[in-house]
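This report concerns only the one structure given below.
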Amino acid sequence: MKIENAVAVVTGGNRGLGRHFVTQLIDRGAKVYAAARRPETVDVPGAVPLELDLTKPETVTNAALIAADATLLINNAGISTHTPLIDGDFDRIRLEMETNYFGPLGVTRAFAPIIEANGGGAVLNVLSALSWYHPAGYGAYAAAKAASWAMANVAREQLAPKGIHVASLHIGYIDTDMSSYVAPENKTDPAVVAAAALDGIEAGLTEILADEPSRNAKRSLSATPA
Ligand SMILES: NC(=O)c1ccc[n+]([C@@H]2O[C@H](COP(=O)([O-])OP(=O)(O)OC[C@H]3O[C@@H](n4cnc5c(N)ncnc54)[C@H](OP(=O)(O)O)[C@@H]3O)[C@@H](O)[C@H]2O)c1
C-alpha cells in the first residue's frame, strides 16, 4: 500500500521504535495516531495522541472508535522482561503474553473492520528474530513473539479477502530503551529499522527481515533445535 495519504495507528508511538514510525509516517505524508498508554507523552509534531493500553481492552475499543479513519495499523508496542519459562515468575510470563500476543491480537481484531470499511490497507506486526530463535533467558518474550508470528500468518489468510495485507517485521537488537544493556555495535538504529519496515509495507512484503540476525534465524528454522 502507499503510505502517502494513509491513516496510520502506531501502538507505543510515544518512544523507541514506535516514535520513529510516527515521525517517518508523517514525513511520508500519512496522518498518524500515536497510540500510547500515557498519551500526554506523545511529542511528535503533527501526530494525534491516542490513549491505548494493550492490557486494558476498553482503551482499545475506545481507540478504535476515535481512529475510525484508519487504513494502516502498526502493532509496535511491546515489553521484554527477560523471564525464563520453567523457573521464571509466572506473572511476568503472563504479562509478556498479554502485552506481546493478546494485546496486538485485540488491536488487530478492533481495527480490521475499520480498515476494511475504509477500503483496505495493511497491518504490520513488530516481531523479532526471537520469533524463530528461543534462548531460555528470553523464554517468555520468545514464546510470545513466536505466537505473534503465528497470529500474523493466520490474520494474513483471514484478512486478505477483506483487502488488508498483513506483514511482520523481524529484527535482532534495536538501539532503544528495551536494549539499553546491549553494546552499540550489536544494535541497529531504530530510524533504519522503521524505514526498512515502511519500505516493506509499500513493496507489499509479507516478512520484513531487517538485519542479519533475523535473516539467520529464519534460515535456521529447518535445522534441528539445539
Ligand atoms: N529493542 C529491541 O532490541 C527490539 C528487538 C526486536 C524487536 N523489538 C520490538 O520492537 C517493538 C518496540 O520496542 P522498542 O525497542 O521501541 O522498546 P521500548 O523503547 O521499550 O518501547 C516500548 C513501547 O511499548 C509501549 N508499551 C509497553 N507496554 C505497553 C502497553 N501495555 N500498552 C501500550 N503500550 C505499551 C511503551 O510505552 P510506555 O512509554 O508507556 O512504557 C513504549 O512506547 C516491541 O514490539 C519490541 O518487542 C525490539
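With Cβ to Cβ distances under 13 Å as the rule, what net charge do the other residues near residue 140 carry (K, R +1; D, E -1)? Neighbourhood net charge equals -2.
The angle separating the long axis of helix 16-27 from the principal Cα axis of greatest extent in the chain is about 30 degrees.
The share of C-alpha pairs in the chain whose separation exceeds 27 Å stands at 27 percent. The slack between residue 85 and residue 189, meaning 0.36 nm per residue of separation minus the straight C-alpha distance, is 34.5 nm. Counted residue by residue at 0.36 nm each, then reduced by the alpha carbon distance between them, the extension gain from residue 98 to residue 224 reaches 42.4 nm. Three principal axis extents of segment 162-223 based on alpha-carbon atoms, in descending order, are 42, 32, 15 Å.
Which angle from 0 to 90°, rounded to the nearest 10, does the C-alpha axis of helix 139-159 make with the longest principal axis of the chain? Result, in degrees: 40.
Counting every C-alpha pair in segment 74-165, the share spaced more than 22 angstrom apart comes to 30%. Within straight cross-link reach of residue 218, meaning Cα distance under 21 Å, which lysines are found once same-chain residues fewer than 8 apart are removed? Within the straight-line cut-off, residue 218 pairs with 145, 187.
The residues packed around residue 23, meaning those with a beta-carbon under 14 Å from its beta-carbon, carry a net charge of +1 if Lys and Arg are +1 and Asp and Glu are -1. Label point 7 Å out from residue 66 along Cα-to-Cβ: which residues of segment 112-135 have amide N under 18 Å? What the label zone holds, given the 18 Å backbone N cut-off, is 112, 114-115.
Write down Rg/Rh for segment 110-153, rounded to two decimals, with Rg from the C-alpha atoms and Rh from the Kirkwood relation over Cα pairs. With Rh from the inverse mean 1/r over Cα pairs, Rg/Rh is 1.17. Applying D = kT/(6 pi eta Rh) to segment 41-125, where Rh is the Kirkwood radius over alpha-carbon pairs, T corresponds to 20 °C and eta to 1.002 mPa s, the Stokes-Einstein value obtained is 151 µm²/s.
Throughout, read-outs are computed from the coordinates displayed, never taken from laboratory work. Keep in mind it's a predicted model, so treat the numbers as computed, not measured. All Cβ positions, glycine included, derive from the backbone under ideal geometry; neighbour counts span all protein chains shown.
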